[in-house]
Amino acid sequence: MSIFDKSAFKFSHQHRLFRTSAISNGQIVQFKLSDIGEGITEVTVKEWYVKEGDSVSQFDSICEVQSDKASVTITSRYDGIIRKLHYNLDEIAYVGKPLVDIETDALKDVASEEDVVETPAVSHEEHTHQEIKGHKTLATPAVRRLAMENNIKLSEVVGTGKDNRILKEDILNYLAKQTGAILPPSPKPEIIPPLPKSETAPAAPKDKGTKIPIPISKPIVFAGKDKTEAVTGFHKAMVKTMTAALKIPHFGYCDEIDLTQLVQLREELKPLAQVRGVKLSFMPFFIKAASLGLLHYPILNASVDENCQNITYKASHNIGVAMDTEQGLIVPNVKNVQVCSVFEIASELNRLLTLGSAGQLGTNDLTGGTFTLSNIGTIGGTYAKPVILPPEVAIGALGKIQVLPRFNGNGKVFKAQIMNVSWSADHRIIDGATMARFSNLWKSYLENPASMLLDLK
């Protein structure tokens with residue numbers, strides 16, 4: 001078993017720290033949740049990978065916790081036996097409180113108040129293999145869990161994803177080759193048999209009477225019960241953000257954009273981007289056009305303090321993109337868009353979408369935004385009323401693209417690709433004319449994509 005000194009664990013600043021302390025009996029080690037940063041004082045326990053009485057080795061996954069910023073997997077530092085889980089699923093774990101008790105083999109292996117570094121969710125064999133080979137195995141928590149459930153070492157699986165990332169299909173193919181095993185089918189829906197004949201409505205009388213038979217029916221019995229659950233994770237963060245947003249006087253502005261030329265340009269560039277391993281959507285063009293507009297109207301890329309006494313103009317264009325995930329609404333952002341090409345923006349969006357779907361976005365991805373776009377049109381709808389994300393001062397919501405008839409300069413009808421946009425701005429520091437002029441400039445870049453070349457740096 002590989003032994004790593006304490007300095008090796010402190011090398012990476014991205015790792016979170018958990019603290020341990022020895023109990024007086026000399027063999028029980030308590031993991032205590034230490035300060036995670038970003039003002040976080042509590043996390044929600046989303047999943048336990050162990051139970052009381054289980055034996056664990058170094059780097060075995062213990063549990064997964066979620067703050068209002070991101071999900072994190074906690075791994076063991078010691079060999080030992082789990083003696084106590086201090087929290088049930090979906091309970092709140094607080095900073096400075098014990099998370100789990102581990103009985104170690106010998107007291108000499110336990111140092112009081114020693115830092116235990118949280119590492120990605122990999123087994124000990126996988127970790128050792130990665131240290132020896134000098135590379136890191138890329139896989140989402142769901143893929144790692146699938147491998148763990150089937151006793152598969154990720155180091156033995158060949159990844160077919162980007163940068164040799166191991167996909168779910170790679171695990172299934174490996175499992176089929178080794179054992180022929182397949183995942184259990186999803187449970188079939190329960191089929192309710194028809195009522196017995198004795199419970200059906202009686203047949204109509206055969207006599208020729210004038211009475212109309214009245215069907216006999218039983219009252220409908222509904223056994224469902226109301227359920228109350230705590231607001232946690234990303235939903236809790238959204239409560240805080242939207243409550244703060246209610247204090248902002250919103251100014252709304254809407255317009256429609258003719259994307260006919262942009263649609264044609266994207267169709268030409270998609271194969272080129274695909275060859276370079278990047279999926280090219282419309283969003284990189286929208287983001288880059290917004291950044292070019294912010295250069296002319298920097299007030300929209302600013303922030304204001306709580307008392308609205310000072311305005312801070314942001315040098316970086318960190319443009320957020322609202323994402324709908326299983327965990328809830330999250331808004332990661334593309335950093336420094338003002339110095340990025342359309343292709344670089346597309347590549348970063350691909351990365352954020354992949355991590356967002358897997359619930360692996362880090363704190364750096366979710367903080368520091370200066371301006372936001374919400375592509376609600378991918379779900380449906382044309383217009384929206386977007387809510388500003390404090391301390392930002394503006395946000396845009398993009399509707400779905402529709403094929404609609406429009407008139408050209410000669411008065412002839414043609415088929416146009418139309419998208420609606422809805423802007424919201426903080427009316428305390430942004431007037432309607434500024435928002436309208438920014439929108440017009442952004443619109444001109446998208447309706448004539450070649451014009452963006454004049455301002456690209």
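With 23 Å as the limit on Cα-Cα distance, the pairs of Lys385/Lys412; Lys46/Lys84; Lys46/Lys236; Lys168/Lys279; Lys240/Lys385 that go past it are Lys385/Lys412.
Peptide packing: for 288-300, 373-385, 53-65, 241-253, the average count of neighbouring Cβ atoms within 10 Å per residue gives the ranking 288-300, 53-65, 373-385, 241-253, highest mean first. Extension gain for Asn410 to Ala315 (0.36 nm times residue separation, less C-alpha to C-alpha distance): 29.9 nm.
Selection among Pro405, Ala433, Leu453 by position relative to the dipole of region 399-457 gives Pro405 as farthest towards the positive end (Cβ unit charges, Cα centre).
From the alpha carbon centroid of region 310-336 to that of region 343-422 is 12 Å. Placing +1 on each Lys and Arg Cβ and -1 on each Asp and Glu Cβ, with no other charges, gives region 260-353 a dipole about its Cα centre of roughly 340 debye. Our summary gives region 392-456 a relative contact order of 28 percent, counting only alpha carbon pairs under 8 angstrom and 6 or more residues apart. Label separation (Met242 vs Asn440): 3.5 nm, computed from points 7 Å beyond Cα along the C-beta direction.
Laboratory data are not the source of any read-out in this text; all were calculated from the coordinates shown. Nothing here was measured: the structure is a model prediction, and the numbers come from that model. Cβ sites come from the backbone with ideal geometry, for glycine too, and all protein chains shown count toward neighbours.
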